[in-house]
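Each remark here refers to the structure printed beneath this line.
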Amino acid sequence: MAGDLDVVSAPDLRDTLRSALSAHDRVDVGCGQLTFIDCTGLSALLAAAHAAKAGGSELRLRAVPHSLARLLRLTCTSGAFTIEQR
């Protein structure tokens, strides 16, 4: 991902992750170039994490920027993901 993950871009991410998770046992999401995320973006990531778990696959967030890590911590949602730093 790059740039903003918000109400405009979240639907595309949902579709992309849904397709990737249906085709793969593990999906890595590179977050290193993410500059902004809102609640709709977080919701898209959480939906994908839930779908991954239900389908027996794994969703990993990689190179998580400080802003996303803080949002996950503040919303107590970091446990929904496997988070890998660089």
What's the angle, to the nearest 10 degrees (0 to 90), between helix 10-23's Cα axis and the longest principal axis of the chain? 30
Any chance you could give the angle, 0 to 90 degrees and rounded to 10, that helix 39-54 forms with the longest Cα principal axis of the chain? 30
Which whole-number value in Å² is the accessible area per residue of the chain, probe 1.4 Å? 59
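Hey, any idea what % of the chain's accessible area is carbon plus sulfur with a 1.4 Å probe? Working shown, then result.
Values: 2650 of 5040 Å².
Here carbon and sulfur together make up 53 percent of the probe-accessible area.
Would you tally the net charge around Ser57, using a Cβ to Cβ cut-off of less than 15 Å, leaving Ser57 out, and scoring K and R as +1, D and E as -1?
Here the count lands on +1.
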Taking r as the C-beta separation of Arg62 and Asp12 and R0 as 25 Å, the FRET efficiency to the nearest 0.05 is 0.85
With a 1.4 Å probe and all protein chains kept in place, how do Ile37, Ile83 rank by accessible area, largest first? Ile83, Ile37
With springs connecting C-alpha atoms under 10 Å apart, model the chain as a Gaussian network and identify which of Leu42, Leu72, Leu59 has the largest mean-square fluctuation. Leu72
Given (1) 19.8, 62; (2) 11.6, 32; (3) 13.3, 44 as candidate values of Rg and Dmax of the Cα atoms in Å, which corresponds to the one derived from the coordinates? (2)
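The values are calculated or read from the model by the stated rules, or taken from the named source; none is laboratory data. As the structure is a computational prediction, the values presented were derived from the model and not from experiment. Every residue, glycine among them, receives a Cβ derived from its backbone with ideal geometry; neighbour counts consider all protein chains shown. Surface areas here come from the heavy atoms of the whole protein model, side chains and all, with no ligands, DNA or RNA. Shrake-Rupley method; radii C 1.70, N 1.55, O 1.52, S 1.80 Å.
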